[in-house]
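The values are calculated or read from the model by the stated rules, or taken from the named source; none is laboratory data. These numbers come from a predicted model, not from an experiment. Using ideal geometry, Cβ is built from the backbone for each residue, glycine included, and neighbour counts are taken over all protein chains shown. Note: accessible area is taken over every heavy atom of the protein model, side chains too, but ligands, DNA and RNA are not part of it. Shrake-Rupley method; radii C 1.70, N 1.55, O 1.52, S 1.80 Å.
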Amino acid sequence: MRDVSDTRSKVRASEPSDEPSRNGRSQEGPATSSSDGSPQRQTGRLRRAVGFILAPVAAAVVWLAPLGIEPHQQSLGAVLAAVIILWFCESVPIPVGGLIGVAAIVLVGVAPADEVLAPFGSTTIFTFIGAFILAQAMLKHGVAQRLAYFVLSLPGVGTSTVRIIVAFGVITALLSALISNTATVAMLLPTALGILAVIAKMLEDKGIVKAGFDATRLRVGTALMLMLAYGAGVGGLLTPVGAPPNLIGRGLIEEATGERISFASWIGAAAPVSIIMFGVLLLVLLLVNRPEVRRIEGVEAYIAEKRAEQGRISRAEWNTIIAFGLTVGLWLLPSVVGVIAGMNSAVYELLDVRLNEGIVAVIGASLLFLLPTRWRRGAATLAWSDAAKIDWGTIILFGTGMIFGTMLSSTGLAEAIGRGLFEGLGVASPFMITVLAAGLAMLISETTSNTASATVVVPIVLPLALAAGVDPVIPAMAATLGASFGFMLPVATPQNAIVYGSGCVPITKMVKSGIGMNILGGLVLVTVLPFTASLMGIGG
């Protein structure tokens, strides 16, 4: 493979140097120039500066406006208006904006500190922590990378550009259902770029492109990069831990309605949506970015070389697989027992209470610090320094989001917003409210993080549905899943920013592909989700 090293170097030179933050997106956005004065950076600075001005102005306007609501509701509304502006403009890191809002809620007298901070003890916080630690082990010890190379080495995959694109999509979707979307894309990007270099060299050898052709301009490269970014978003829908908005939305739904959505029920409702969206993704990408060639040579040898470099599965990898398998098994066990013995059986009720998802996640994560890799040295699978690298910012943001949702409910502000929206918009049917919820979440996620989108939209959708006399669970789930549908812009999600930074994805192609994904994705959400959720007993 030495003959393609120069081409591969050209492609890898475009890789992003810094991984965007997983709790939002890169504060600077994908670099479009080495100059600090690039248009993208100037726009980012201007937007942050505007946020510092608009946030206090928005708070003052809401605080002083004659809204006809209770004083503590108006104070909460003022704080939330300022926080939403800070999130939208990214004037400060998104988790910090949440913390500022929490402090302000106490300072303006909405509620005492103990009451405000209570939701930070939510069991879902521990689900986040445990899942992130497990994901860190998968990344550190190469379990996820081994899975990727295994799929790419399957017979016939490496001889077709379409099958390679499909395989990368499947790998990305499966991994993103279990670990961070951003980490998945960042991990797979070098392999995708290496394969693109092989394809570019083959095209040169066959005279299809001129010698020295820039491989980043190939349509197949655009399709491959977008499959990574969009496949992560589609796969993240599959499980409650697949993306931060899932856990946030589910927590807010359970807090507001008292209806519990189990791990298995979520998968049952979201899996058809995820599978159909994968088909939509493949259709859109191949129509907009039709590969230059179908049959290729050299990729199978490249993957075989990479698999040989990995060697045998290490003890650390086995430990990680054991801990992860046990965690997922315990997450699913209550639902399996419920199907076999009945949801009213004593065994199901016992397991459902004892095997709390947060506790199970903590057990699985703790195993990684107990299972040894070297008995004599006392080395465990993970050290605490590894755990310190997990995405604590998203955990903080989730906690602040739970606080805002609880305060909206307990003060009655959410109900007032719901009544106002219901009267102003006149939407009354479950279908129209679901359309509104999904559309609003998708729109906001294009301009701010999917986590912040879910945190803002779900607490609004819940009271809106209740005011209209509609069961709020399905619309809120549509908003939760829709928050991950930021497909159009590099700044919409961290994974979009990563692949855009590779230089293989022109902004016009991302927008064109993203428009199709948003329109078709919205249709899938509002037509398929209500049906699959009802089959799983979710919502009324």
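Key figures
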{"item": "Set of lysines near LYS201 by C-alpha distance (under 30 Å), chain-local residues within fewer than 8 positions excluded", "result": "LYS10, LYS210, LYS306, LYS509, LYS512"}
{"item": "Kyte-Doolittle mean at least 1.0 and Cα axial length at least 24 Å: DSSP H helices in the chain", "result": "71-89, 123-140, 181-205, 263-288, 315-341, 392-410, 450-467, 507-535"}
{"item": "Area of THR527 that stays accessible when all protein chains are in place (1.4 Å probe, Å², to 10)", "result": "80 Å²"}
{"item": "Accessible-area ranking of SER429, SER449, largest first, probe 1.4 Å", "result": "SER429, SER449"}
{"item": "Where the chain is the region considered: accessible area per residue in Å², 1.4 Å probe", "result": "40 Å²"}
{"item": "Per-peptide average of other Cβ atoms within 10 Å, ordering 388-397, 460-469, 229-238, 103-112 highest first", "result": "229-238, 460-469, 388-397, 103-112"}
{"item": "Local electrostatic count at GLY142 - Lys and Arg +1, Asp and Glu -1, tallied over other residues with Cβ under 14 Å", "result": "+3"}
{"item": "Under 13 Å, Cβ to Cβ, from ILE538 - net charge with Lys/Arg +1 and Asp/Glu -1", "result": "-1"}
{"item": "LYS512 accessible area, assembled protein chains, probe 1.4 Å, Å²", "result": "130 Å²"}
{"item": "Accessible-area value, ARG146, 1.4 Å probe, nucleic acids and ligands omitted, Å²", "result": "50 Å²"}
{"item": "Mean residue ellipticity (222 nm) of the chain, computed from DSSP H runs ≥ 4 via -39,500 (n - 2.57), nearest 500", "result": "-23000 deg cm²/dmol"}
{"item": "Total formal charge among the other residues, if their Cβ is under 13 angstrom from that of THR411, Lys/Arg +1 and Asp/Glu -1", "result": "-3"}
{"item": "Of all accessible heavy-atom area on region 186-284, the percent that carbon and sulfur account for (1.4 Å)", "result": "57 percent"}
